[in-house]
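All remarks here apply to the structure that follows.
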Amino acid sequence: MKQKMNRTETESELEDAAVISVGDEDSDFKNLTASLLEIRKLNGVLGAILRNKTSAVVDFEEQDKINAFALLSTCIHASSIEIAKPLNLTFVESVLVEGKDAKIFCIRLGDNRLDVLMETSMSEDLITKHIQL
Amino acid sequence: MTCSQPEVLQTIVDEYSNLSPETSNVFIFRKHGEMIAANQATNEDQTKPAIANFADLAAKTDLIGSLESLTINGVSEQLIISTIDDLYLATVSSKKANPKTLSSLSQVLIPTIVRLIDQQNFDKCEEVPQTFQTLTIEEPIEESIVSQEELTVDSTLDSDECEEASQTLQTLPEEEAIEEPVMSQEEPNMDSDYEPESSMEPVLPKPPINQLMIEKIKGMLVASDTVRVDSEVIESWTELYGDKTLLINIQTLDGKTTTCKFKPAKESKSNAKGIIQIPEKILQTLQASKGQLVMVSPEIA
């Protein structure tokens, strides 16, 4: 009963988040979308993007900064691979970029990628704990 | 005798792998991309593309404020690039490396050494204008050439370069040699932080930075907006700034800063050397706790 209620709550919350879908979502992506909603509730999380090759879920506090965040997280993903390659770091699992005002944690989960913008005082370990595949 | 910053940093980088054997690559570069030091296992083919891509990323991080650090986790290794003033320290270590050792080295030891070198260089620069002030126009030409050598030889030059510079000066025609001291009075060859003496505004020295350990203070008579600092540190500030009203700027190793009032620590109550006593309210602002290290510098009120 409780499970059913939780699912209903999650489903209604999912409707609130901006979902850009251009293909069939796999089960991992669905599970991660639920994780994203849990992560967004954490104190200190300012926004998050979950994406794979065909779909993306964007949940962001400040709507006007969605584009800037999406661009930066894409840039972090590309740059981190290029930075890691010459230093013989095989396969980038996660990246943490800390700025003076905020930090971004990007994690690869199979074919999916989760990018979270959060306050500097928040630990990225808390994000990892809330990810369920 | 003092060493230049790159020499010291090269020594640190060479020793890094001894201190943390799980670290394979260590290199230090300036924010504009100039390479300062790298360990033997690191070559230019590795650092050049890494630095270029890092600079590219750093230029795009307006959304989160200026880039302070980057951590890339691979399968078994991790790359950490962290800021130390105008430098970046990059390390590639095994994930098995002791995180405490790594953070002690990269967040405490190396930043402290970098700041000490900067402080030492600052002190050296401070001595130069004092030599300069002893010059008098009535000095014989030969003497002023000698004094001029002292003034214009860059402190970073090695002995060969010094000799070459002095020979060049000695061979100058007499007229040039006479005019030169006047030119060097206007443009002394030292840090651009120093303004010429003729400037109308008084020249204030660059604030020295001290590293102190936090001690928490509480009690009825403790002012919540005032910290207590090692009296020797305060004396050195008073020597620099005289009667000016000063505040203290406190910065944690995490980059949190605050400015507040200060007074000398009561030495009878504790071993106040190297200690800063901070009330609860300011500790909360800094998100710091007892035993942590902070960088402090004076600020004119």
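The values are calculated or read from the model by the stated rules, or taken from the named source; none is laboratory data. Just so it is clear, the model here is predicted, and its values are computed rather than measured. Reconstructed Cβ throughout: ideal geometry from the backbone, glycine too, with neighbour counts over all protein chains shown. When the accessible area is computed, the model is the full protein with side chains, heavy atoms only, and any ligands, DNA or RNA have been set aside. Shrake-Rupley method; radii C 1.70, N 1.55, O 1.52, S 1.80 Å.
So here's what we get for this one:
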quantity: The stretch B:1-49 - residue that is in a helix (DSSP H, G or I) and among the charged types (D, E, K, R) and, of those, nearest to B:I81 (Cα to Cα); calculated: B:K48
quantity: Any hit, the stretch B:53-61, residues being loosely packed, with under 14 Cβ neighbours inside 10 Å, under 25 Å from the mean Cα position of the chain (by Cα), modelled with pLDDT of 90 or more and within 25 Å of A:L117 (Cα to Cα); calculated: yes
quantity: Selection status of B:N98, exposed (fewer than 14 other Cβ atoms within 10 Å of the Cβ), farther than 16 Å from A:L96 by Cα and in contact (Cβ under 8 Å) with a residue 12 or more places away in the chain; calculated: yes
quantity: Residue among A:I66, A:I104, A:I131, A:I127 that alone is closer than 20 Å to A:L46 by Cβ and modelled with pLDDT of 95 or more; calculated: A:I104
quantity: B:K48 being more than 7 Å from chain A (Cβ to nearest Cβ), closer than 23 Å to B:L105 by Cα and among the basic types (K, R); calculated: no
quantity: Positions within the stretch B:57-96 being assigned to a strand (DSSP E or B), among the hydroxyl-bearing types (S, T, Y) and within 7 Å of chain A (Cβ to nearest Cβ), in sequence order; calculated: B:S69, B:T71
quantity: Qualifying positions in the stretch B:11-22 - surrounded by fewer than 19 Cβ atoms within 10 Å (Cβ to Cβ) and within 15 Å of B:T91 (Cβ to Cβ); calculated: B:D14, B:E15, B:S17, B:N18, B:L19, B:P21, B:E22
quantity: For B:N25: the one exception among (1) open to solvent by 20 Å² or more (accessible area, probe 1.4 Å); (2) within 14 Å of another protein chain (Cβ to nearest Cβ); calculated: (1)
quantity: Spans of strands (runs of 3 or more DSSP E) in the stretch A:40-133 with at least 1 residues more than 10 Å from chain B (Cβ to nearest Cβ); calculated: A:45-51, A:55-60, A:102-109, A:112-119
quantity: B:Q287 being open to solvent by 20 Å² or more (accessible area, probe 1.4 Å), at positive phi and within 14 Å of chain A (Cβ to nearest Cβ); calculated: yes
quantity: Filter pass, A:F60 being surrounded by 19 or more Cβ atoms within 10 Å (Cβ to Cβ), touching a Gly at 6+ places or on another chain (Cβ under 7 Å) and at negative phi; calculated: yes
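A quick yes/no check of all residues on (1) closer than 16 Å to A:A84 by Cβ; (2) in contact with an Asp or Glu (Cβ under 7 Å, 6 or more places away or on another chain); (3) without any contact (Cβ under 8 Å) to a residue 24 or more places away in the chain:
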site: B:L9; (1), (2), (3): no, no, no
site: B:I12; (1), (2), (3): no, no, no
site: B:S20; (1), (2), (3): no, no, no
site: B:I28; (1), (2), (3): no, no, no
site: B:L70; (1), (2), (3): yes, no, yes
site: B:S76; (1), (2), (3): yes, no, yes
site: B:I84; (1), (2), (3): no, no, no
site: B:Y88; (1), (2), (3): yes, no, no
